[in-house]
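Colleague: Below you will find the structure I want to go over with you.
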Amino acid sequence: MQIHLKTLGCRLNEAELETWAQAFQTKGHVITRDISTAQLVVINSCAVTQDAARKSRQLIHRIHRENPQAKLVVSGCYATLNADEAQNLLGVDLVVSNKDKENLVEKSLSELTFETMPAMATEPAEISLFTRGRQRAFVKVQDGCRYRCTFCIVTVARGDEVSRSIADVILEINALHAQGINEVILTGVHLGGYGSDNGENIVSLIQAILAQTDIPRLRLGSLEPWELNDEFFTLFDNPRLMPHLHLPLQSGSDAVLRRMARRCKTDEYEQILERLRKIPNFNVTTDIIVGFPSETEEEWQESVDFIQRCGFGHIHIFTYSPREGTKAATLPNPVPHEIKKQRSEQLHRLAEEMKRAFYQQNAGEIFSVLWEGQREELPNGNVQVFGYTPNYLRVTCEIKTHESLENKMTNHELTRCFIGT
Ligand code: SF4
């Protein structure tokens, strides 16, 4: 899906826009500068003066006029202070208040109905470093995929697997590290297929990076849960490889997985989880497609039960919609829209519970946190800053206004879980 983002007001609004852009891209969407091609427009409004509030209203009108088909999400100070007014403005589909900003991406994708699934449900996409001073970079190591999951357009759009050489990847990581980047995330359309065309594999790539770079944190992007050999799991003995994997499951019903032509069924998935759970505080996150063609009530329940057993730290939930050119688009018995919506809502609730449980499970532990640049002023004159633990928990702490933790790694005890409170 193409998304256009617009902001009015302060630097903080701009920084939030960047965070949302990154999150939408991670879910496979494309950020566009062109309003007319966008299916979703997000406006971060401002109300610092009467004039700013007026400009926010005008902007909303203008965008709706220019692209009345696009769904319109409004957040920021104007939308928070005048929620009812904003909600009633022509064209506004969703208002997200400032206190919910962190969930804006999730809310927009779950509460609004769009025609199509993301073009690349499993690809974290190439995410640019928006501004200098960022601490994390994405390094794409391969393209293409040799599999044919029936819902996926990637194989059609991207063709055969092509891997970069290890030397090339190492060169890039060393250059990023020299520029002050402290964490790199390896990405690929089918990351696990790395090396299928050059005699290497994902294990040899990670080993080489850990040996030939000093990058403090190495993280893996979305990885299909197959082709992972015994040696792969031992790589996490090195604390520089972050204990977090995003392993797309797509469904917890074997019958649905068969229709999707997935290579990993629930049994094998469970075995992988068992191995990963032996690694302290390991976080497994996943993708689930809701309402795949012919998904019966029984299959859905089976899927929910399995997902619950897995206990994910986070779930990207995609409501199925047919994508032209895929085999799934030709399958019979589409699931009615209302049922897809109900299932999606049910799964969102479960995902939230599981996330909270995972955070609570980690409370009391000490983690090294890599701090980001985002700062929020507090009423007591201090500022709140945000960062990520190695297992990808988003955490926050309060510091004095003249202090900065940006791009530093410091040890902290996780004291309290704020999710959903
Ligand atoms: S493994 Fe399946 S879902 Fe992943 S890129 Fe290949 S075809 Fe698409």
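The values are calculated or read from the model by the stated rules, or taken from the named source; none is laboratory data. Everything numeric in this text was worked out from a predicted model, so none of it was measured. Neighbour counts run over all protein chains shown; Cβ positions are idealised from the backbone, glycine included.
Colleague: Which residue is farthest from the chain's Cα centre (by Cα), if the candidates are limited to region 394-413 and must be more than 17 Å from Lys101 (Cα to Cα) and surrounded by 18 or more Cβ atoms within 10 Å (Cβ to Cβ)?
Modeller: Leu405
Colleague: Which one of Ser36, Ser108, Ser75 is within 30 Å of Phe138 (Cβ to Cβ), of a type in the set (S, T, N, Q) and not in a helix (DSSP H, G or I)?
Modeller: After applying the criteria, what remains is Ser75.
Colleague: Anything in region 27-79 that is surrounded by 15 or more Cβ atoms within 10 Å (Cβ to Cβ) and hydroxyl-bearing (Ser, Thr, Tyr)? List them, or say none.
Modeller: Answer for region 27-79, where residues must be surrounded by 15 or more Cβ atoms within 10 Å (Cβ to Cβ) and hydroxyl-bearing (Ser, Thr, Tyr): Thr32, Ser45, Ser56, Ser75, Tyr78.
Colleague: Okay, moving on. May I ask you to list pairs of residues, at least six apart or on different chains, whose Cβ atoms are under 8 Å apart, with the first in region 378-389 being not assigned by TED's automatic domain parsing to the domain that holds Gln135 and the second being of a type in the set (Val, Ile, Thr) and assigned to a loop (DSSP other than H, G, I, E, B)?
Modeller: So the pair list comes out as Gly381/Thr401; Asn382/Thr401; Val383/Thr401.
Colleague: Hey, among Gly159, Gly133, which residue is away from the ligand (no atom under 16 Å from the Cβ), at pLDDT below 90, in contact with a Gly (Cβ under 7 Å, 6 or more places away or on another chain) and of a type in the set (Gly, Ala, Ser)?
Modeller: Of the residues listed, the single one that is away from the ligand (no atom under 16 Å from the Cβ), at pLDDT below 90, in contact with a Gly (Cβ under 7 Å, 6 or more places away or on another chain) and of a type in the set (Gly, Ala, Ser) is Gly133.
Colleague: All but one of (1) crowded, with 20+ Cβ neighbours inside 10 Å; (2) farther than 19 Å from Thr285 by Cα hold for Leu223, so report the exception by its number.
Modeller: Result: Leu223 fails condition (2) only.
Colleague: Glu200 - would you say it is more than 16 Å from the ligand (Cβ to nearest atom), of a type in the set (D, E, K, R) and touching a residue at least 12 places away in the same chain (Cβ under 8 Å)?
Modeller: So Glu200 fits the description; yes.
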